[in-house]
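Nothing in this text is a laboratory measurement; each read-out follows from the coordinates by a stated rule. If you're wondering where the values come from, they're calculated on a predicted model, not measured in any experiment. For neighbour counting, all protein chains shown are included, and Cβ atoms are generated from backbone atoms with ideal geometry for every residue, glycine included.
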Amino acid sequence: KVAQPSVPAPEGPVPVVRPCPGRIRYFNI
Amino acid sequence: VPHGPVLGYREPACDDPETEQAALAAVDYINRHLPHGYKHILNQIDSVKVWPRRPTGEVFDLEIDTLETTCHVLDPTPLANCSVRQLKEHAVEGDCDFNVLKQDGQFSVLSAKCDSSPDSAEDVHKVCPDCPLLAPLNDSRVVHAVEAALATFNAQKSGSYFQLVEISRAQFVPLPASVSVEFAVAATDCVAKEVVDPAKCNLLAEKQYGFCKGMVTENVAGGEDVAVTCTVFQTQPVLPQPQPDGAEAGPLTPAQGSAAPALSPAGLPAASLVVGPRAV
């Protein structure tokens, strides 16, 4: 018999990784 | 046909420390090669691709955004100590494409292409409805204000006569009606109090630059009041600058030896920088 391991579901939305563009250091114009 | 696998590129995160190191090398390159205007500082890394380079090394293909600081390019103040030009002062941004080689842990610029542009009038007035906008540097009122401020500076001091190097920034202030100007100057072989014909003065071999802020205000008597403050920098010995492979040194070095104002075609403080081959 194969049993499904118990995997806890992540709480809340999974963060989206956005590699680019990077952070704004001062302000955007 | 090359043997072995085809070499592709990798895309690290734009805020990856190695990407940031490449971008900072690029910004340093901008500031060492800007012919006029103000130093720029890194604001955002837009994109990065890293290509392997034969026989060794990697090339970072970068798109970065920069912002103008308040430090003139002739000002020796380290970039880290320069303030970013604020939105209400009419900020200027730079948009750059770079190829930066990383080899043996060292970054060096292979090619650079930058354009700068002032923020829109609409955006400035969103944050500050009454703030003055940048004025064209070749406007006759601006040129007059710079001449009046420079004459006042030279009249106030003993020692060398200072010549105009460039007009860097100008704004028309409505109340009281004034012209605010910023400009770079350089010491000449003439004595300030003895100058008869400034055109006959020559820049010193060991260059000494300065940066001035002036305000020329119309007064009630129909004349004008002139206020000027200048910072004179330490002398700069003439040193040959190392250049990247394929880059032309001539038109990119600061306007040393030239006393003519450097203006963009539109007369606005926009700058562009194009260096070296675009090939990776």
When we measure straight from the Cα of B:K126, which lysines land under 18 angstrom away, once same-chain ones fewer than 8 places off are left out? B:K88
Convert 4 °C to kelvin, take the viscosity as 1.567 mPa s, use the Kirkwood radius over C-alpha pairs of the range B:44-203 as Rh, and evaluate the Stokes-Einstein diffusion coefficient in µm²/s, rounded to a whole number. 68 µm²/s
The simple spin-label model distance between B:D104 and B:A80, using points 7 Å out along Cα→Cβ, in nm, is 2.6 nm
Net length gained if the chain between B:R32 and B:E11 were fully extended (0.36 nm per residue, minus Cα distance): 4.8 nm
Just to be sure I understand: if I project the alpha-carbon convex hull of the range B:83-153 onto a plane and average over all orientations, what area do I get in nm²? 8.3 nm²
Taking 0.36 nm per residue of separation between B:E224 and B:L204 and subtracting their Cα-Cα distance, the length gained on full extension comes to 4.0 nm
Between B:D123 and B:R54, what FRET efficiency follows from the Cβ-Cβ distance if R0 is 35 Å, with the result rounded to 0.05? 0.20
State, to one decimal in nm, how far the label point of B:D139 lies from the label point of A:N28, with both points 7 Å from Cα in the Cβ direction. 3.1 nm
Based on the Cα gyration tensor of the range B:42-95, what are the three equivalent ellipsoid semi-axes, each the root of five times an eigenvalue, rounded to whole Å and given largest first? 30, 15, 7
Ranked highest first by average number of other Cβ atoms within 10 Å, how do B:102-108, B:152-158 line up? B:152-158, B:102-108
Just the Kirkwood number for the range B:116-241, please: inverse of mean 1/r across all distinct Cα pairs, in Å, one decimal. 16.0 Å
